[in-house]
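Right, one structure below, let's go through it.
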């Protein structure tokens, strides 16, 4: 729950910042006629909608398991994060590139570069605050890992999605500044459209990276190695367990793990004794690893093939 609280705080900060930025950019675009500023407005509006979808995903993921979804709804977070990646690509990148092409074909000079600079400055402030909050939250979870490694290992897409979006937004603002300035100084309004295309390409790359990470989580990623080892160690401590053959631990959500354990029990253990051991192991796992919500324990001999052999050629 603490992780979700941190994620929500990051998303709310980004939502407020992006909404204020979107309103400011659209006003400036209408006043000055800048294509790059219009693309930036579309970008911020898409980001605002994305934060709403992420919050909706977090809300849906809190629902309790029911007959149709016995393992709960935690993967809603992963689904809506993937939808966000698609929207960044389709709306953010697509509209920006389209608007840039139109401006190159029909260039119109900006009417007031000062207004654009004021808006860009305010946007950097708003976006920088949201980016700082997202970065602090991400650093709190990444530990000693590098940023790319932490993103690959992260099971909470909401935090790194906001961080990706805010980083892309800051890069987009720099591109807009360069494009608007170059178009004004060189008296080439086409460069404004080039800046819009550049912003679209940044968003496209961001969307592809987000989609790649969210896809793995949506399909089902294994829990981190130290979590699997801890599950194995706890299960091994039961006096009726001779050994652990295999442990499968998969994330259904950022803080929701389902664990399947193949264990060899003592041959002289009675059925009631095994039942008590299973209940004891489940209680210990839920106590020591709160993220483990579902546990399945299967008694098997040590030489039993717990996983199918890979198909030749795969």
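For the range 180-193, the criterion of being loosely packed, with under 14 Cβ neighbours inside 10 Å, within 15 Å of the chain's Cα centre (by Cα) and not assigned by TED's automatic domain parsing to the domain that holds residue 263 is met by no residue.
Are any residues in the range 230-254 under 30 Å from residue 57 (Cα atoms) and surrounded by fewer than 20 Cβ atoms within 10 Å (Cβ to Cβ), and if so, which ones?
Going through the range 230-254, the residues under 30 Å from residue 57 (Cα atoms) turn out to be 230-231, 247-254.
Listed by number, the residues that qualify are 230, 248, 250.
Working only within the range 43-77, note down all residues that are in contact with a strand residue (DSSP E or B) (Cβ under 7 Å, 6 or more places away or on another chain) and assigned to a helix (DSSP H, G or I). Those that are in contact with a strand residue (DSSP E or B) (Cβ under 7 Å, 6 or more places away or on another chain) and assigned to a helix (DSSP H, G or I): 61, 77.
Within the span defined as the range 128-149, one or more residues are under 30 Å from the mean Cα position of the chain (by Cα), surrounded by 15 or more Cβ atoms within 10 Å (Cβ to Cβ) and free of Cβ contacts under 8 Å to residues at least 24 places away in the same chain.
For the range 22-37, what are the residues that are buried (at least 24 other Cβ atoms within 10 Å of the Cβ) and either modelled with pLDDT of 80 or more or assigned to a helix (DSSP H, G or I) (or both)? Listed by number, the residues that qualify are 25, 28, 35, 36, 37.
A quick yes/no check of all residues on (1) more than 18 Å from residue 51 (Cα to Cα); (2) outside the structural domain of residue 171 (by TED's automatic domain parsing); (3) modelled with pLDDT of 80 or more:
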residue: 114; (1), (2), (3): yes, no, yes
residue: 122; (1), (2), (3): yes, no, yes
residue: 125; (1), (2), (3): yes, no, yes
residue: 130; (1), (2), (3): no, no, yes
residue: 133; (1), (2), (3): no, no, yes
residue: 138; (1), (2), (3): no, no, yes
residue: 143; (1), (2), (3): yes, no, no
residue: 146; (1), (2), (3): yes, no, no
residue: 149; (1), (2), (3): yes, no, no
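Inside the range 200-229, residues that are crowded, with 19+ Cβ neighbours inside 10 Å and in a strand (DSSP E or B) make up a count of 0.
The values are calculated or read from the model by the stated rules, or taken from the named source; none is laboratory data. In this text the structure is predicted, and so the values were computed from the model without any measurement. Cβ coordinates were reconstructed from backbone atoms using ideal geometry, including for glycine residues, and neighbour counts include every protein chain displayed.
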